[in-house]
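Here's the structure, in structure tokens; my notes come after.
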Amino acid sequence: MSLAFDEYGRPFIIIREQERKSRVKGIEAVKASIMAAKSVARTLRSSLGPKGMDKMLQSPDGDVTITNDGATILEMMDVENQIGKLMVELSKSQDHEIGDGTTGVVVLAGALLEHAESLLDMGMHPLRIAEGYEMACKVATENLDKIKTRFEFSKEDIEPLVKTCMTTLSSKVVGRLKRPMAEICVKAVLAVADLERRDVNLDLIKVEGKVGGKMEDTRLVEGIVIDKEFSHPQMPKELKDVKVAILTCPFEPPKPKTKHKVDIDTVEKFEALRDAEKAYFTDMVQRCKDSGAELVICQWGFDDEANHLLMHQNLPAVRWVGGVEIELLAMATGARIVPRFQELTADKLGHAGSVTEVGFGTTKDKMLVIEGCPNLKAVTIFVRGGNRMVLDEIKRSLHDAICVARNLVRDNAIVYGGGAAEISCGLAVEEAADKVTGVEHYAMRAFADALQAVPLALAENSGLPPIESLTAVKKRQLEESNPYLGIDCNDVGTNDMREQNVFETVMGKKQQLFLATQVCKMILKIDDVIKPSDYE
Amino acid sequence: MMPMMGMQPQIILLKEGTDTSQGKPQLISNINACMAVVDTVRTTLGPRGMDKLIHDSRGVTISNDGATIMKLLDIVHPAAKSLVDVSLAQDAEVGDGTTSVVILAGEFLKEAKPFIEEGVHPRSLIKSFRQASVLAVERLKELAISLEDKHMEEKKDLLKKCAMTTLNSKLVSGEKEFFAQMVVDAVSKLDPSTLDLKMVGIKKVQGGGLRDSFLVDGVAFKKTFSYAGFEQQPKSFNDPKILVLNIELELKAEKENAEIRLDDPAKYQSIVDAEWNIIYDKLDKCVASGANIVLSRLPIGDLATQYFADRNVFCAGRVEGNDIERVTKATGAKVQTTVNNLDPKALGTCARFEERQVGAERYNLFMGCPQARTATLVLRGGSEQFIDEADRSLHDAIMIVRRALKHAQVVPGGGAIEMCIAKYLSEYSLQFSNKSQLFIKAYAKALEVIPRQLCNNAGFDATDVLNKLRQKHALADGSGKNFGVDVNTGGVCDTYDAFVWEPALVKVNAIQAATEAACLILSVDETVRNPKSEVPDAASGAAAQAAIAGGRGRGRGGGRGRGMRR
């Protein structure tokens, strides 16, 4: 920390541990912040778009993650710099709100800051730049509203949704299988969506994975998959049309919660106690039987005696099922969760079309697949993949796609991807900038330039000559006033994104612009950084 | 101790290491220390003010709020600390103007410094400064424009203007109109007699744009921890009955230390049943009361969750205390500590209850409450620091609106009022024929720091603008008295017409507090710092290392102090 001296050359100790703090002030602080943010953005730049590359990240305890998802990369990178952390949070909040476009938002923010830097060099006030950006952001989002298209979909006609999800998936490891994967995601979302309220509770979609098998084996289970097996190896492996009882009580003699002690002083009493315990078991199993249950799912365990009895009574059972799964199962099968055997009645049972125990390859791992549930309000996407890293990445990719589908259910407006929306917004901002006098004019122009960072990166990552491709598209957009032209990343031969079927949600795009502008303003507004100097 | 003063024997009065410094140099040194602190917050003033990023052991804060910055700077210099207190006091009293007050105090000291150096007795300075502050406040009250007689709708509009002025300098300035409206709506929901700040809840949800923030005319809180079965409960109601409890609804031992001894195994089942009956009895009573929503400050267990799910009742356990309090205020429900004899009157109601997805979280919203004496702001923003800062900014705005509602008097902002008072004081000072004339003039000059700083922060030529302002304010017909800095063009404008308004109370308080702080520092001529007073503080603040560093710093300071006294 810089010391202050009085006229006697005596330093003040104004702040606690002053000599252990460092401080950057004024324009240097702004520049240093921009530098940090830019370097974070640069890391992500190569991950953008369908031809974007993945990053391999090793955590402190040696776990390796390979991913293409911006939010995940930044989170795993464990950025220490405070400004860098802002970028991480930026990506995270895009992830929370939209679920997709986490790379794009960081690249955009980085570009905005980069352009701000040159404006700062011209001597512009950082806040004027930020204000210009805000004005430009408004113009850009208004332009998005102008060029957006709506499409209608229904439970039957899912084609538009699938196409949008495919755009999201095309940059991921599952790009090869984007069509089937997109269909899985869309079906899953529509299964749990409340189309009237336009609300989707993502908790109801479970993504379960198992290492092994091919990616193609990934499928949508219209029901639940639980990582459990039947409690007794001799129980039937497949059940059809079963009535399910869901219990949250163990197959054990009930215990009072109050501390208790049973005094046994005679053999008779001991016998009585033993009989009573035995009676409990038979009683419990009998109650299950009486209610008509054909499958018992229990949140807790039960010992071998109970297990044997259940087997004997021909009542298949599953034990140690977690609370979340219990809940999903209850919702899917329409069963009520029963806390006590006394309350088990026929009307509290649920129904499942089929329950199958599935084994995988040569491993002993088994899973239960519960399908054909009457109340399809919970679904599972069952993912297969060659190794754990791929599996995790597929899960993340599917999450992105699911989020996109959800956003479309909420708001079915789309814009065209491949940088088309950015170029169009850039043109609109440039046009608007010409009508503004003052410093903001420059800032808006810078914003327009920064918007082109996305198509530039797209072209670069796809191995196209970035400047040529961008300018060509820009020219055509201007000449034909067609906002659907973008970068032809997949080398299809057309720049028209309508033909390429590359869509993105308006919601996601707007969010990117808002968030990036917001973070820029925040970073530009800081002119004083005080931190512990030994902070590495 | 440092070897010094040659052969002269030293008389040790105080404990080894005690730092005593006194006299005029000490006073000057204190002033300089204060100036150094003021320099830190100086740049945050006004709509073009910048933010500070402060990184400490508790995390990172990015803020523009004077009080927050001063607090986080962790100032140990005894004189400079009084500036922190002044800022915090302003925050507690009016909630805004925390930067202005520090800058003003600093400027008063700066103006006083040359006089002190020339040998003026601090007391005479203090006397004149106090007098000037009284005059300034009187003048300010004359200039204030009352909104008392305006009608409610109009008043709301005016309040919005005040809130906008406050938000101008904050990170959320891009959306100031949106937020000002929100703040005014929220505050006008409150009980006008108390305007209890606790009744405005601010919830922060990361993600989304600022514009996604919304106001709930009721209560909103995050979904609490839930057990299996929760998702089977209905998630929306119209006109629900709300039962608020302060008991646990869990199957558990009723008495902590009780032990049951059984000698007959046959009785075993009856004990088990008894426990179940207790909990079922409680649950039955909850349902029997006709409630659709059961909230509790204490946990609601899985059994209860499933029981309620079976009966189409929504429940939430472990709701935070202040949320519960606001629910009761809003819905008219009364917190029950037992489920026996539930009075239907103890149940609250609201127009609509809903569980809604906000960003990555699910929120419980109680809307359209009959006695809506409470409101909740749900803030959205890109990052944690961003929302935190938005929260602080809105807090300021809420305080301002609250204050302005009570004392509906405004003054033009943008440095206009300061210029006006400065002119008045410098004219007034001519009535004195003694030293006071000089001092009051200095005080008047110090007031001009506000418009000057506004210009500096915006990158304008301060001297130029200030001269323009002086010219306007000197107009004989008084038509220029509302002129202040126009940060957009770099010129001057009538800030009253431009709706840059600040509640008069903020200014009154700022002037008074700043004068007090300046006088306090001026009246100190000796600092005796006990060596011990620093050590426990430093040790508690950081690791042992910090204590060593603190010790080092003190040792050096002490040595110099003695040297200087010679």
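We did not get these values from a lab; they are worked out from the coordinates using the rules stated. Not measured: the values here are computed from a predicted model. Reconstructed Cβ throughout: ideal geometry from the backbone, glycine too, with neighbour counts over all protein chains shown.
Which longest uninterrupted range of chain B lacks any GluC sites (Glu not before Pro) assigned by DSSP to a loop state (not H, G, I, E or B) and surrounded by at most 16 other Cβ atoms within 10 Å? Of all site-free stretches, the longest is B:321-566.
For chain B, report the translational diffusion coefficient in µm²/s to the nearest whole number, using Stokes-Einstein at 25 °C, 0.890 mPa s, and a Kirkwood Rh over Cα pairs. Mind dumping the intermediate values first?
Working: Rh = 27.5 Å.
Approximately 89 µm²/s, per Stokes-Einstein.
Mean residue ellipticity, 222 nm, helices only, chain B: the sum of -39500 (n - 2.57) across DSSP H runs of n ≥ 4, divided by residue count and rounded to 500, is -16000 deg cm²/dmol. For segment A:223-375, lysine pairs separated by 8 or more sequence positions, or belonging to different chains, with Cα-Cα distances below 22 Å total 23.
Along its three principal directions, the equivalent ellipsoid of segment A:8-145 from the Cα gyration tensor extends over semi-axes of 31, 24, 12 Å, largest first. D by Stokes-Einstein for segment B:488-528, Kirkwood Rh over Cα pairs, 20 °C, 1.002 mPa s: 161 µm²/s. Binning all Cα-Cα separations of segment A:32-97 at 5 Å, short to long from zero, yields these whole-percent fractions: 4, 18, 27, 25, 19, 7, 1. With only Cα atoms counted, segment B:306-464 has Rg and Dmax values of 27.0, 88 Å.
In chain B, a dipole from Cβ-located charges (positive for Lys and Arg, negative for Asp and Glu) runs towards its positive end, and of B:Leu298, B:Ile31, B:Ile400 it is B:Ile31 whose Cα lies farthest in that direction.
May I ask you to derive the FRET efficiency for A:Glu252 and B:Asn341 from their Cβ-Cβ distance with R0 = 35 Å, giving the value to the nearest 0.05? Computed FRET efficiency for A:Glu252 and B:Asn341: 0.45. Across chain B, the mean sequence separation of Cα contacts (distance under 8 Å, 6 or more residues apart), normalised by length, yields a relative contact order of 26 percent. For the protein assembly as shown, the Kirkwood estimate of the hydrodynamic radius, built from every pair of different alpha carbons, is 33.7 Å.
Checking the cross-link pairs A:Lys187/A:Lys395; A:Lys31/A:Lys510; B:Lys223/B:Lys345; B:Lys176/B:Lys204; B:Lys52/B:Lys223; A:Lys148/A:Lys475 against a 23 Å limit on the alpha carbon distance flags A:Lys31/A:Lys510; B:Lys223/B:Lys345; B:Lys52/B:Lys223 as lying beyond it. Membrane-span-like helices in chain A, defined here as complete DSSP H runs extending at least 30 Å along the helix axis by their C-alpha atoms with mean Kyte-Doolittle hydropathy no lower than 0.0, are A:388-410; this is a sequence and geometry rule, not a statement about a membrane. Put a dot 7 Å past the Cα of B:Ser146, heading toward its Cβ, do the same for A:Lys269, and the two dots end up 8.7 nm apart.
A cut-off of 5 Å between modelled amide H atoms, ignoring neighbours fewer than 5 places along the same chain, links A:Val338 with A:Ile246, A:Leu247, A:Thr248.
Peptide B:260-267 is shielded by partner chain Cβ atoms: per residue, an average of 6 of them sit within 10 Å of its Cβ. The Cα-based radius of gyration and maximum Cα-Cα distance (Dmax) for segment A:223-375 are 16.6, 56 Å. Taking only the C-alpha atoms of segment A:463-536, the Rg (one decimal) and the largest Cα-Cα distance, Dmax (whole number), read 19.3, 58 Å. Between the alpha-carbon centres of segment A:350-406 and segment B:455-489 there is a gap of 69 Å. Take every Cα-Cα pair in segment A:329-409 and report what % of them are more than 16 Å apart. Percentage above 16 Å: 68.
About its Cα centre, how strong a charge dipole does chain A have in debye, to the nearest 20, once Lys and Arg get +1 and Asp and Glu get -1 at the Cβ? List each step's numbers first, then the result.
Working: 69 positive and 83 negative charges, 36 e Å.
Around 180 debye, computed over chain A.
Computed from phi, the 3J(HN,Hα) profile of segment B:477-483 under the Karplus parametrisation 6.51, -1.76, 1.60 (θ = phi - 60°) reads 7, x, 6, x, 6, 9, 7 Hz, with x in place of Gly and Pro. For chain B, the longest principal axis of the alpha carbon atoms and the long axis of helix B:176-189 meet at an angle near 60°. When the inverse distances between all different Cα atoms of segment A:466-507 are averaged and flipped, the Kirkwood radius reads 10.8 angstrom. Across segment B:314-376, Cα-Cα distances exceeding 19 Å account for 34% of all pairs.
Under a model in which nothing but the beta-carbon of Lys, Arg (+1) and Asp, Glu (-1) is charged, the protein assembly as shown shows a dipole of about 2740 debye around its Cα centre. Summary value for segment B:213-351: 40 percent relative contact order, contacts being C-alpha pairs under 8 angstrom separated by 6+ residues.
Nearest 20 debye, what's the magnitude of the dipole of segment A:223-375 about its Cα centre given +1 on Lys and Arg Cβ and -1 on Asp and Glu Cβ?
Values: 19 positive and 24 negative charges, 56 e Å.
The calculation lands at about 260 debye.
Within segment A:128-240, the percentage of alpha carbon pairs spaced more than 21 angstrom apart rounds to 60%. Stretching the chain fully between B:Val120 and B:Ala360 yields a gain of 80.0 nm (0.36 nm per residue, less the alpha carbon separation). Gyration tensor analysis over the Cα atoms of segment A:301-371 returns equivalent ellipsoid semi-axes of 22, 18, 12 Å (largest first, whole Å). Relative to the 2.2 N^0.38 Å rule of thumb, segment A:417-484 has a C-alpha radius of gyration ratio of 1.13.
How much space per residue, in cubic angstrom, does the convex hull of the C-alpha atoms of chain A take up?
Values: hull volume 114.4 nm³, N = 536.
Measuring per residue, one finds 214 Å³ for the Cα hull of chain A.
Quick note on segment B:395-534: its Rg to Rh ratio, both from C-alpha atoms and Rh being the Kirkwood radius, is 1.06. Partners of B:Lys445 within straight-line reach, counting lysines whose Cα lies under 25 Å from its Cα and excluding those fewer than 8 residues away in the same chain: B:Lys24, B:Lys81, B:Lys110, B:Lys113, B:Lys127, B:Lys141, B:Lys423, B:Lys435, B:Lys468, B:Lys472, B:Lys481, B:Lys507.
Summarised in one figure, the compactness ratio Rg/Rh of segment B:30-70, Cα atoms and Kirkwood Rh, is 1.02.
In chain A, the DSSP-assigned H stretches of four residues or longer account for a calculated mean residue ellipticity at 222 nm of -15500 deg cm²/dmol, using -39500 (n - 2.57) per stretch and the full residue count as denominator.
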